[in-house]
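The values are calculated or read from the model by the stated rules, or taken from the named source; none is laboratory data. These numbers come from a predicted model, not from an experiment. Because the Cβ atoms are built from the backbone with ideal geometry, glycine has one as well, and the counts that use them run over all protein chains shown. Heavy atoms of the whole protein, side chains included, go into the accessibility calculation; ligands, DNA and RNA do not. Shrake-Rupley method; radii C 1.70, N 1.55, O 1.52, S 1.80 Å.
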Amino acid sequence: MTERLLAKSYRLADYPNAPPDYALLTQHSRDVASACDALAESVGRVALRNAGLEADAFERFKLALKANGWMQDLGKASSHFQEMVRGASEIRQLVRHEAISGMLMLLEEQPFRTWLSSSLPEEVLLFAVWGAMGHHRKFDKYTKPEQGILPLTVHVAHDDFSTILREMRIDLQLKDEPPLFKRNLVVALTQREDGDLAARDVIRDLQRDFEGLEAAYADDGNRRLLALVKAFGIAADVAASAVAARGQSARSYSLREYVAGNLGIGLAPDALSQLISRWAWNRSSCDSSANDETSLPPGFEPREFQRAVAESASRLTLAQAGCGSGKSLAAYMWAHSWCQRFLQEGRLNFRLFFCLPTTGTTTEHFKDYALESGIDPAFKSLTHSRSSVDLRAIAETAPQEDAKESERDPAAQAQATLSAERDKIESLALWSTPLVVTTADTVLGLMSNARRAIYSLPAIMSGVIVFDEIHAFDEQMFGHLLVFLKNFPQLPVLLMTASLPERRLRALQSVRPDLNPIPGPQEFEDLERYVVKIITSQAEVWRSVEDCVAAGGKVLWVRNRVEWANDTYRECRARFPEATVNVYHSRLRYKDRAVRHRRVIDGFKVDDNEGTKRAAILVATQVAEMSLDLSADLLVTDIAPTPALIQRMGRLNRRALPSDPPDKRPPKLALICALQPREPNVEKPYKPEELDAASRWLEALGSLERPLSQRDLSEAFAQLDDAQEFDFAAAEKAALFFSGLWETRPGLTRGEGYTISVILEEDLLNCDERNSKGEPTRDWLRRYEVAIPIKEEVLKWERTVGGLRVAPRGAVSYDYDEQTQEGTGARWRSRK
């Protein structure tokens, strides 16, 4: 073979005479190894320290990571891969390139194993190879060659392959000269075919060998070290691709400078002081012209609770406080304290990841705290699945490399590639962003080997993390949180919640005995905010709503299902034409949901410009539990699990302060409506046992026979918490980042949902934002995506765009008026 070996595809029209440097296998191998070394030097030591590993592990980690970088793409010398990156879109590889790399490195009958073992300790060699084989998250005990595929040739006798081995020997300081090959290797499916290696037998033998080694490397230290080697190797590969694509020629870029420069950026204590100061001044009645950016307004004093959170020296702090207690400000004060500690240790790259459960809460928090903080815009980022990013070119492999094994058609492969590239771009942007407001998935997705989390790991390891609203995490995500906390015991983390079941609190204390719980301010926790009443009469509900509207009050009505919310919304509009009535749920296009969100918040402001109280009704689904910062005068809600009801009550009488005169802060009415057995499975999306537990909790509250405080809600919840202990063993097994050892596959960050995001065909036809290929831009897709309930029919829609299925005309109706901004969103059309 006289052509150069390629690692990436490239535009032939731009380089008609010779491939660009970034596309060459030799240069890409150098780049990945260089990025691995730079990552180890920049954040390797702190990552190991976060994981509770001794400093003497660093040299092993660095060597294994760099060896991993050199090994990752040796298998790209395969004839099948070379055909694929040269444009053979229909090619199917007998064996993926990373599996070939492992086969070459570890087979006893191949010279590579002897060559490497003479210089590398067995643990280092295994960790390097396991990382290389898993760097596309597609190798485990189920991996096997493709059936019915012709043999492939591994061009080990090619000059480019020999060059890589020589440079690898020098960089890793191996004692012996690398093996030289006079002919290439042929890999066939089985021994019945003519070849040097039988892929099916070799992969099966390797898997068996690896399973036999699991016990020897199953302790926490080895699991953590191996997980970091694998993850940093994946991040290095992504960085190498991105930087090389931008620089094109090897003379024009330096991976070391990129890694050190981006990960060296950090926040100074003054920047966080400025954020805190601006937040306080924006909510102060004092003349803001006196604001000097770092001083607090006259008379503004942090609460003792906030000071206690800020001064917590524990690596794990739990702030458990109800609404109005100032948890978010306490979190930034806590971050400021850790920023000063970092500075005293000589660490200048302080970063803060502020993580929330949903995109709605994430966006609102970013607006309230980071957006107007005065911090350089380049130093802060709103990051979730719909945030905008600076799109930069990333060197392409081929669509097949990022597609799932089941995605055989070119369209599916292209969409899988688009999704993968989006994750790469957004994650690399975080390397140079020291203040990140994001969803919890960005960090806890690490436990499920999620792409974005793994790519972000170098940045995550460089700072501190706040996890807010942890009571809203489902069982899967809370399990990931526990495993994350156990395996990164030295990483500063602040957990925040309004209430937490005793079962979960015990689980936290079990995995982290150093947990420092800080209760909320007693005067806020004991403030009587609620009068709770269980209702079975709809007539009584409507009378209460009428009374509230007549007084110019604000009604929040939470339904458990979207269709119920839409029905209630229509009836409220008919009954109360004088009031502002809105409905808010997930079945709106994202752009329409953002408009509705702002309108809802504005509608719940206390007065109009003339000081007159305006009546408002918001009918919402579970999104109201976290995504809406508002205060209602009346809460009407379907019965729901206890944590959900506590969250819903947190939107009632939210602005009441202990300092207010008693007549200015009377407790407000919360009506809990029993479900009407009008249809099968009326309790969904919840489980019957969850609603039974909620009923017992409500009975306990009723027995108090007085207005209730947030402390009452939490204590009654704790007393009735008779659930089994949290299954931490199952959580550890599900956290594939650590439990996988030699296996590397993605899992689930959250439990399975009930909806799927799609693009409506009508919207796609009217799309006026397209790229040079005529495809809708990524930002347009994010604005127009809409969630609908999952039905089997969705899986039959063959057309996709940007990783989203396109709903054909006639399948889904969408109710929304662009002029009035009214409408109930998406629903399946009924089939006659």
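I'd like the full set of residues that are out of contact with any strand residue (DSSP E or B) (no Cβ under 8 Å at 6 or more places or on another chain), in a helix (DSSP H, G or I) and not hydrophobic (A, V, I, L, M, F, W, C), limited to the range 158-201.
159, 162, 163, 166, 167, 169, 171, 200, 201
Quickly run through the range 789-830 and pick out the residues that are more than 28 Å from the chain's Cα centre (by Cα) and among the polar types (S, T, N, Q).
Residues satisfying the conditions are 813, 819, 820, 821, 824, 830.
Mind checking which residues of the range 437-471 are assigned to a strand (DSSP E or B) and either open to solvent by 10 Å² or more (accessible area, probe 1.4 Å) or of a type in the set (D, E, K, R) (or both)?
439
Read through the list (1) hydrophobic (A, V, I, L, M, F, W, C); (2) out of contact with any helix residue (DSSP H, G or I) (no Cβ under 8 Å at 6 or more places or on another chain); (3) under 30 Å from residue 728 (Cβ atoms), then give the number of the only condition that residue 508 fails.
Unmet for residue 508, out of (1) hydrophobic (A, V, I, L, M, F, W, C); (2) out of contact with any helix residue (DSSP H, G or I) (no Cβ under 8 Å at 6 or more places or on another chain); (3) under 30 Å from residue 728 (Cβ atoms): (2).
How about the range 784-822: which of its residues are under 25 Å from residue 583 (Cβ atoms), among the acidic types (Asp, Glu) and surrounded by 11 or more Cβ atoms within 10 Å (Cβ to Cβ)?
Once the filter is applied, which keeps residues that are under 25 Å from residue 583 (Cβ atoms), among the acidic types (Asp, Glu) and surrounded by 11 or more Cβ atoms within 10 Å (Cβ to Cβ), the range 784-822 yields 785, 815, 822.
Rundown of residues vs (1) surrounded by fewer than 20 Cβ atoms within 10 Å (Cβ to Cβ); (2) of a type in the set (A, V, I, L, M); (3) farther than 16 Å from residue 78 by Cβ, yes/no style:
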{"position": "154", "(1), (2), (3)": "no, yes, no"}
{"position": "159", "(1), (2), (3)": "yes, no, yes"}
{"position": "177", "(1), (2), (3)": "yes, no, yes"}
{"position": "192", "(1), (2), (3)": "yes, no, yes"}
{"position": "196", "(1), (2), (3)": "yes, no, no"}
{"position": "201", "(1), (2), (3)": "yes, no, yes"}
{"position": "213", "(1), (2), (3)": "yes, yes, yes"}
{"position": "218", "(1), (2), (3)": "yes, yes, yes"}
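Taking the conditions exactly as written (open to solvent by less than 70 Å² (accessible area, probe 1.4 Å), touching a Lys or Arg at 6+ places or on another chain (Cβ under 6 Å) and hydrophobic (A, V, I, L, M, F, W, C)), does residue 728 satisfy them or not?
On the way: open to solvent by less than 70 Å² (accessible area, probe 1.4 Å): yes; touching a Lys or Arg at 6+ places or on another chain (Cβ under 6 Å): no; hydrophobic (A, V, I, L, M, F, W, C): yes.
Judged against the criteria, residue 728 is not a match.
Which pairs turn up if I take residues in the range 648-663 that are part of a loop (DSSP other than H, G, I, E, B) and surrounded by fewer than 13 Cβ atoms within 10 Å (Cβ to Cβ) and look for partners that are modelled with pLDDT of 90 or more and not charged (D, E, K, R) with beta carbon separation below 7 Å, at least 6 apart in sequence or on another chain?
655/631
Quick one: how many residues across the range 98-114 are among the β-branched types (Val, Ile, Thr) and open to solvent by less than 20 Å² (accessible area, probe 1.4 Å)? Full working, then the answer.
Step one: list which residues in the range 98-114 are among the β-branched types (Val, Ile, Thr), which gives 100, 114.
Filter again for open to solvent by less than 20 Å² (accessible area, probe 1.4 Å), leaving 100.
Summing the residues that are among the β-branched types (Val, Ile, Thr) and open to solvent by less than 20 Å² (accessible area, probe 1.4 Å) in the range 98-114 gives 1.
If we keep just the residues of the range 763-783 that are out of contact with any Gly (no Cβ under 7 Å at 6 or more places or on another chain) and open to solvent by less than 50 Å² (accessible area, probe 1.4 Å), which is farthest from residue 590 (Cα to Cα)? Even if it seems obvious, please write down each step before you answer.
Of the residues in the range 763-783, the ones out of contact with any Gly (no Cβ under 7 Å at 6 or more places or on another chain) are 763-775, 777, 779-780, 782-783.
Still in the list and also open to solvent by less than 50 Å² (accessible area, probe 1.4 Å): 763-764, 767, 774, 777, 780, 782.
Numbers: 763: 13, 764: 15, 767: 15, 774: 22, 777: 15, 780: 10, 782: 7 Å.
Selected residue: 774.
Could you tell me which residue of the range 286-312 is modelled with the lowest pLDDT, considering only residues that are exposed (fewer than 11 other Cβ atoms within 10 Å of the Cβ) and assigned to a loop (DSSP other than H, G, I, E, B)?
Among those that are exposed (fewer than 11 other Cβ atoms within 10 Å of the Cβ) and assigned to a loop (DSSP other than H, G, I, E, B), it is 292.
Could you list all residues from the range 238-257 that are buried (at least 23 other Cβ atoms within 10 Å of the Cβ) and at pLDDT 90 or above?
Once the filter is applied, which keeps residues that are buried (at least 23 other Cβ atoms within 10 Å of the Cβ) and at pLDDT 90 or above, the range 238-257 yields 238, 239, 240, 255.
What about residue 166, is it among the basic types (Lys, Arg) and surrounded by fewer than 20 Cβ atoms within 10 Å (Cβ to Cβ)?
Values: among the basic types (Lys, Arg): yes; surrounded by fewer than 20 Cβ atoms within 10 Å (Cβ to Cβ): yes.
Here the answer is yes, as residue 166 does meet what is asked.
For the range 116-139, what are the residues that are open to solvent by 10 Å² or more (accessible area, probe 1.4 Å) and part of a helix (DSSP H, G or I)?
Across the range 116-139, the qualifying residues are 117, 122, 123.
Take the residues in the range 472-504 that are in a strand (DSSP E or B) and in contact with a Phe, Trp or Tyr (Cβ under 8 Å, 6 or more places away or on another chain), then tell me which one is farthest from residue 338 (Cα to Cα). Spell out the reasoning first.
In the first step, residues of the range 472-504 are kept if they are in a strand (DSSP E or B); the result is 493-497.
Narrowing further to those that are in contact with a Phe, Trp or Tyr (Cβ under 8 Å, 6 or more places away or on another chain): 493-496.
Working: 493: 10, 494: 11, 495: 15, 496: 17 Å.
Residue satisfying both the conditions and the ranking: 496.
If I go through the range 505-529 residue by residue, how many of them are open to solvent by less than 40 Å² (accessible area, probe 1.4 Å), within 35 Å of the chain's Cα centre (by Cα) and either more than 25 Å from residue 311 (Cα to Cα) or among the acidic types (Asp, Glu) (or both)? Let's see the steps before the verdict.
So the first thing to find is which residues in the range 505-529 are open to solvent by less than 40 Å² (accessible area, probe 1.4 Å), and the list is 505, 507-508, 511-512, 515, 518, 520-521, 524-525, 527, 529.
So of that shortlist, the ones also within 35 Å of the chain's Cα centre (by Cα) come out as 505, 507-508, 511-512, 515, 518, 520-521, 524-525, 529.
Adding the requirement that they be either more than 25 Å from residue 311 (Cα to Cα) or among the acidic types (Asp, Glu) (or both) leaves 525, 529.
Adding up the residues that qualify gives 2.
For the range 249-263, which residues satisfy the criterion of being closer than 17 Å to residue 19 by Cβ and either among the β-branched types (Val, Ile, Thr) or touching a helix residue (DSSP H, G or I) at 6+ places or on another chain (Cβ under 6 Å) (or both)? Spell out how you get there, then give the answer.
Initially, the range 249-263 is screened for residues closer than 17 Å to residue 19 by Cβ, giving 249-253.
Result: 249, 250, 253.
Restricting attention to the range 664-709, and to residues there that are assigned to a helix (DSSP H, G or I) and more than 20 Å from residue 532 (Cβ to Cβ), which single residue is least open to solvent (accessible area, probe 1.4 Å)? Outline the logic, then answer.
Initial filter on the range 664-709 (assigned to a helix (DSSP H, G or I)): 664, 688-702.
After this cut, where a residue has to be more than 20 Å from residue 532 (Cβ to Cβ) as well, the list is 664, 688-689.
Details: 664: 145, 688: 67, 689: 111 Å².
It comes out as 688.
Going by the structure shown, is residue 95 part of a loop (DSSP other than H, G, I, E, B) and open to solvent by less than 10 Å² (accessible area, probe 1.4 Å)?
On the way: part of a loop (DSSP other than H, G, I, E, B): yes; open to solvent by less than 10 Å² (accessible area, probe 1.4 Å): yes.
Yes, satisfied.
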